[in-house]
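Each remark here refers to the structure printed beneath this line.
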Amino acid sequence: MANLLTGVSMDYSGDVSGKVFYSPLFRNPAIQRFFTLLDGIQSRTNLPVAGAMQKITKKDPGCGLTETGTGISIAERTITPEKMVSHLQHCPRVFDNTLFEKLRRKGVDLNNIEGTDIEQMILKIVTGGLTDDLFRQVFFGNTASADADYSAYNGVWKQLFAGVTAGNVIRTSTIGSAALSAGDAKDILRSVVRSAPNVLRQLPKSKAVLLVTGSVYDNLLDTKLDIPNLGSSALEILENGAGEDTEYEYQLFEGYRVIAMRSWDTWIDDLSETTPHRTVLWAPDNHFIATDTSAAFNQVKVWYSNDDDQNKTLARYMIGYNYALPQMISLAY
């Protein structure tokens, strides 16, 4: 098995800084900001979906009773969680003759990182990678992919694309792969919002958000910034309608938060997909993640094995995704 840290390029001179600078990962919000979590699911689970009962009240004709409407069906959406695992190991000999030697234990426990600053550094690196993997796979998982980093289960975009193909999910516009022109994002978002099913549009604006690629987000921001003769009142509206939550970057459009999913741009490029500009009107109450325990998303087991003189990390959880109601989705790509 490959070493968790493959090399340390630090000359053995001077001292070790008390601060380690970590390569940045995407700032992903807590998973429950965008999804409804179904905990305690260890096998296939069903999401019963009942049709809407409408036009069942008529004028009373007088004596006698006749049926005034027709029945509805109850369908189902299913989620089958997949077992996920992350297992890594590390031998501190990679720190030989480097500044990190000062952080290691001594004697027979030389290679045991338990209780050291090295352990905390590795734990931070691993947990960051786990969170990044979780969001990447939830949104871009595709069992048909030849890439094992994406093929564990079908995530959001695979299932939304399938819904569009089946005629169940509304795709309000086709954006294409070319770079966006000035003002395109405004038109894209307007189509996604205005052409959304009325049952979705009637939701309080606090119950839905617009998730967009960074390309769409920046184009929308440029449109606002390029407004001619932007006065102080307009600047105030712009400043109050854009900002940063503690977990994500956003601006406003027709009362909805437009959230920049910049990680999407990177993962779309990683997969060489041909639809780089994406927007979806998203109601978190309609999107479900089934898992054996959501607490495991942030749990990492770390231990030193005397048998093979290796430090090991292990994370395990089960996860699957599906949406419930296609009429509560509107998108463009």
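Data table
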| read-out | value |
| --- | --- |
| Globularity ratio of the chain, using Cα Rg and 2.2 N^0.38 Å | 1.26 |
| Normalised alpha carbon radius of gyration of the range 280-333 [divisor 2.2 N^0.38 Å] | 1.85 |
| For the range 73-126 versus the range 259-288, the gap between their alpha-carbon centres in whole angstrom | 29 |
| Estimated [θ] at 222 nm from DSSP helical runs (n ≥ 4, -39500 (n - 2.57)) normalised by residues in the chain, nearest 500 | -7000 deg cm²/dmol |
| Computed label-point distance, nm, for sites Asp285 and Arg201 using a 7 Å Cα→Cβ extension | 1.9 |
| Protein accessible area in the chain, 1.4 Å probe - carbon and sulfur % | 50 |
| Backbone HN-Hα couplings from phi across the range 161-173 [Karplus 6.51/-1.76/1.60, Hz, Gly and Pro as x] | 4, 5, x, 5, 4, 7, x, 9, 9, 7, 10, 7, 7 |
| Within a Gaussian network of the chain (alpha carbon springs, distance under 10 Å), most fluctuating of Thr68, Thr291, Thr127 | Thr68 |
| Computed FRET value (nearest 0.05) for Lys106 with Lys301, which takes r as the C-beta separation and R₀ as 30 Å | 0.75 |
| Global form of the range 135-192, assessed from the alpha-carbon gyration tensor, a/c cut-off 1.5 | prolate |
| Highest-MSF residue in the chain out of Ala296, Ala152, Ala260 [GNM, Cα springs under 10 Å] | Ala296 |
| Over 32 Å (Cα to Cα) - which of Lys158/Lys186; Lys207/Lys301; Lys83/Lys106; Lys102/Lys312 fall in this group | Lys207/Lys301; Lys83/Lys106 |
| Candidate residues Phe34, Phe161: accessible-area rank, largest first, probe 1.4 Å | Phe161, Phe34 |
| Rounded to 10°, Cα long-axis angle of helix 214-225 versus longest principal axis of the chain | 70 |
| Among Ile170, Ile319, Ile122, residue whose mean-square fluctuation peaks in a GNM of the chain (springs only between Cα atoms under 10 Å) | Ile122 |
| Where His87, His287 fall by accessible area, highest first, once all protein chains stay in place (1.4 Å) | His87, His287 |
| Two-site FRET efficiency, Lys124 against Leu271, from Cβ-Cβ distance with R₀ of 25 Å, rounded to 0.05 | 0.35 |
| Cα-projected label distance for Glu67 with Asp132, points at 7 Å along beta-carbon direction, nm | 5.8 |
| Label-to-label distance, nm, for residues given as Asp39 and Ser86 (7 Å Cα→Cβ offset) | 2.0 |
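The values are calculated or read from the model by the stated rules, or taken from the named source; none is laboratory data. Everything numeric here is computed off the predicted structure, so don't read it as measured data. Cβ atoms come from the backbone with ideal geometry, glycine included; neighbour counts cover every protein chain shown. Heads up: the accessible areas ignore ligands, DNA and RNA and are worked out on the full protein's heavy atoms, side chains in. Shrake-Rupley method; radii C 1.70, N 1.55, O 1.52, S 1.80 Å.
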